[in-house]
Amino acid sequence: MKEQLIKAMQRNQIMNMMYLVKSGEVTKRRIKIIKVVGDSFQVHCFNRQAKRTFMIDSVLAVVPVFHK
């Protein structure tokens, strides 16, 4: 997963992410990755219009957003 996040960051891609929150809830976010550091990564979250930090181990899936 870490390699996939790094590639998305290098390509400046906007991604849809499914993420497991500590409470056990699954959330869906639209993100742009800013940096990957150790076991976490920092993003701009379009849902919250803010910078957020996520744990790589809690990511369930990430897919690129393609504009038609």
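The values are calculated or read from the model by the stated rules, or taken from the named source; none is laboratory data. Keep in mind the model is a prediction, meaning the values are calculated, not measured. Note: ideal-geometry Cβ built from the backbone for every residue, glycine included; neighbour counts use all protein chains shown. The protein model used for the area step is the full one, side chains on, heavy atoms only, and it has no ligands, DNA or RNA in it. Shrake-Rupley method; radii C 1.70, N 1.55, O 1.52, S 1.80 Å.
Computed quantities for the displayed model
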quantity: Within segment 1-51, considering residues that are open to solvent by 50 Å² or more (accessible area, probe 1.4 Å), assigned to a strand (DSSP E or B) and not hydrophobic (A, V, I, L, M, F, W, C), the one farthest from Val63 (Cα to Cα); calculated: Lys51
quantity: Positions within segment 17-68 being of a type in the set (S, T, N, Q) and over 18 Å from Glu3 (Cβ atoms), in sequence order; calculated: Ser23, Thr27, Asn47, Gln49, Thr53
